[in-house]
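J.: Sending over a structure as structure tokens; questions will come in a sec.
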Amino acid sequence: MEKSKEEKEREVRYHRDNKLKATDVYMLSDFPISEEQKQELLMYRQALRDMPENPEFPDVPYPHKPDFIK
């Protein structure tokens, strides 16, 4: 049985929210990353937040995670 659009949206939001939470620690002021890495991370996090604004949502790809994030 195929998932409804609402179910897909909930699932994508859940995974997106987990990706945001996983990067919260990198945003702490004393976390040891370079300014360049911080900017890359800010762009990644904003792209995650912008996903629901895409007209194709929930059928959109996740943004590329910066390489330094585990």
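J.: Just the residues that are touching a residue at least 24 places away in the same chain (Cβ under 8 Å) and part of a loop (DSSP other than H, G, I, E, B), please, taken from the stretch 17-33.
T.: Scanning the stretch 17-33 gives a single hit, 33.
J.: Mind checking which residues of the stretch 1-33 are under 19 Å from residue 54 (Cβ atoms), open to solvent by 60 Å² or more (accessible area, probe 1.4 Å) and over 17 Å from the mean Cα position of the chain (by Cα)?
T.: 3, 5, 6, 7
J.: Still on this structure, please answer the following. Name every residue in the stretch 40-70 that is open to solvent by 70 Å² or more (accessible area, probe 1.4 Å) and modelled with pLDDT under 95, in order of residue number.
T.: Across the stretch 40-70, the qualifying residue is only 70.
J.: If the requirement is being farther than 24 Å from residue 3 by Cβ and in contact with a Leu (Cβ under 7 Å, 6 or more places away or on another chain), which of these qualifies: 45, 16?
T.: Exactly one of 45, 16 is farther than 24 Å from residue 3 by Cβ and in contact with a Leu (Cβ under 7 Å, 6 or more places away or on another chain), namely 45.
Per-residue answers, yes or no, for (1) part of a helix (DSSP H, G or I); (2) among the acidic types (Asp, Glu); (3) in contact with a His (Cβ under 7 Å, 6 or more places away or on another chain):
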{"residue": "6", "(1), (2), (3)": "yes, yes, no"}
{"residue": "9", "(1), (2), (3)": "yes, yes, no"}
{"residue": "15", "(1), (2), (3)": "yes, no, no"}
{"residue": "47", "(1), (2), (3)": "yes, no, no"}
{"residue": "65", "(1), (2), (3)": "no, no, no"}
{"residue": "68", "(1), (2), (3)": "no, no, no"}
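J.: Filter the stretch 50-59 down to the residues that are in contact (Cβ under 8 Å) with a residue 40 or more places away in the chain and of a type outside the set (Asp, Glu), then identify the one that is nearest to residue 32 (Cα to Cα).
T.: The residue in question is 52.
J.: Considering (1) modelled with pLDDT of 95 or more; (2) in a loop (DSSP other than H, G, I, E, B), say which one residue 36 fails and leave the rest.
T.: Looking at each condition in turn, residue 36 falls short on (2).
The values are calculated or read from the model by the stated rules, or taken from the named source; none is laboratory data. In this text, all values refer to a predicted model and were calculated from it rather than measured experimentally. Glycine also receives a Cβ, built like all others from the backbone with ideal geometry; neighbour counts cover every protein chain displayed. Accessible surface areas use protein heavy atoms only, side chains included; no ligands, DNA or RNA. Shrake-Rupley method; radii C 1.70, N 1.55, O 1.52, S 1.80 Å.
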